[in-house]
């Protein structure tokens with residue numbers, strides 16, 4: 001039986017690299033894509049793992065990579081849109097450039113890659129598109145208004161798109177990670193601040209301290225990689241996959257609790 005092929009964006013580290021390693025260990029052809037392939041520290045270039053240069057903000061690299069993957073492997077059975085990062089800070093501190101950069105990567109980049117792969121899967125009459133969203137795509141947190149809005153956009157985009165593509169046997173899935181111990185809380189983190197916004201008092205340090213403390217205790221990215229693999233292979237019509245603490249519990253509470261009580265719960269956690 002011919003091995004299936006998965007294309008993963010943002011595969012240089014964190015969830016993306018863990019997913020590449022997990023799919024590879026299961027015998028899949030892995031097209032691991034990233035902005036800087038020279039930084040790849042995952043499985044070596046083997047018969048079933050190849051590395052590609054892809055920057056989701058540069059359409060030409062997306063088209064080139066899709067063409068190369070088809071040339072190398074003949075098909076794309078699963079797309080994992082994982083590339084992304086987080087901007088944190090007060091909205092008053094955000095510049096237009098910071099906001100646009102966040103949306104260009106997390107939303108527009110994801111849309112570009114999805115659009116580029118659809119014709120491949122449509123011709124194949126099948127495939128799975130997996131968007132790595134976040135529990136922040138259904139529950140908002142203080143000082144993440146810009147990041148939250150990108151993940152809510154991804155959720156709405158994906159929910160709508162499923163109706164277009166189901167006729168071609170293309171299934172869409174949302175992975176909603178909880179707190180994961182990755183560079184999201186390290187070098188990939190972008191904290192925007194302004195020194196003249198001291199009127200917020202202890203709000204900023206309280207929220208920041210709680211966010212970083214939670215990140216230190218986050219789930220390993222391998223936990224999310226297994227959820228991605230499950231979404232790719234379970235053959236079900238399941239749409240959302242909360243994965244890693246506290247996503248399943250928090251999203252369940254968000255669904256059943258009155259909003260004012262849920263908001264109070266979030267405020268208590270962040271001590272605001």
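Being under 12 Å from the mean Cα position of the chain (by Cα), assigned to a helix (DSSP H, G or I) and at pLDDT 95 or above is true for just one of 123, 150, 158. Which residue is that?
Details: 123 fails: under 12 Å from the mean Cα position of the chain (by Cα); 158 fails: under 12 Å from the mean Cα position of the chain (by Cα).
After applying the criteria, what remains is 150.
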Task: Cβ-Cβ under 6 Å pairs, at least 6 apart or on other chains, segment 65-87 side at negative phi and without any contact (Cβ under 8 Å) to a residue 60 or more places away in the chain, far side assigned to a loop (DSSP other than H, G, I, E, B) and buried (at least 24 other Cβ atoms within 10 Å of the Cβ) - done: 65/54
Task: Qualifying position, being without any contact (Cβ under 8 Å) to a residue 24 or more places away in the chain and either more than 23 Å from residue 215 (Cβ to Cβ) or in contact with a strand residue (DSSP E or B) (Cβ under 6 Å, 6 or more places away or on another chain) (or both), among 167, 162 - done: 167
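Quick check on this structure: which one of 143, 94 is touching a residue at least 24 places away in the same chain (Cβ under 8 Å), in contact with a helix residue (DSSP H, G or I) (Cβ under 7 Å, 6 or more places away or on another chain) and crowded, with 22+ Cβ neighbours inside 10 Å? Even if it seems obvious, please write down each step before you answer.
Numbers: 94 fails: crowded, with 22+ Cβ neighbours inside 10 Å.
Just a single option satisfies the conditions, and that option is 143.
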TODO: Can you run down the residue pairs with Cβ atoms below 6 Å, 6 or more apart or on separate chains, where the first is in segment 209-228 and at negative phi and surrounded by 16 or more Cβ atoms within 10 Å (Cβ to Cβ) and the partner is in a helix (DSSP H, G or I) and modelled with pLDDT under 90?
DONE: 215/185
TODO: Kindly indicate whether residue 272 is more than 24 Å from residue 25 (Cβ to Cβ) and either modelled with pLDDT of 95 or more or in a loop (DSSP other than H, G, I, E, B) (or both).
DONE: yes
TODO: Assess whether residue 178 counts as being in contact (Cβ under 8 Å) with a residue 24 or more places away in the chain and farther than 16 Å from residue 16 by Cα.
DONE: no
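Specify which of the listed residues (191, 184) is surrounded by 22 or more Cβ atoms within 10 Å (Cβ to Cβ), in contact with a helix residue (DSSP H, G or I) (Cβ under 8 Å, 6 or more places away or on another chain) and at pLDDT below 95. Let's see the steps before the verdict.
Working: 191 fails: surrounded by 22 or more Cβ atoms within 10 Å (Cβ to Cβ).
Just a single option satisfies the conditions, and that option is 184.
Consider segment 213-253. How many of its residues are over 18 Å from residue 126 (Cα atoms) and either at pLDDT 95 or above or part of a loop (DSSP other than H, G, I, E, B) (or both)?
So the first thing to find is which residues in segment 213-253 are over 18 Å from residue 126 (Cα atoms), and the list is 213-227, 240-253.
Subsequent filtering for residues that are either at pLDDT 95 or above or part of a loop (DSSP other than H, G, I, E, B) (or both) retains 217-218, 220-227, 240-253.
So the count comes out to 24.
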TODO: Looking only at segment 178-196, decide whether some residue is more than 22 Å from residue 142 (Cα to Cα) and outside any helix (DSSP H, G or I).
DONE: no
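The values are calculated or read from the model by the stated rules, or taken from the named source; none is laboratory data. Nothing here was measured: the structure is a model prediction, and the numbers come from that model. Cβ atoms come from the backbone with ideal geometry, glycine included; neighbour counts cover every protein chain shown.
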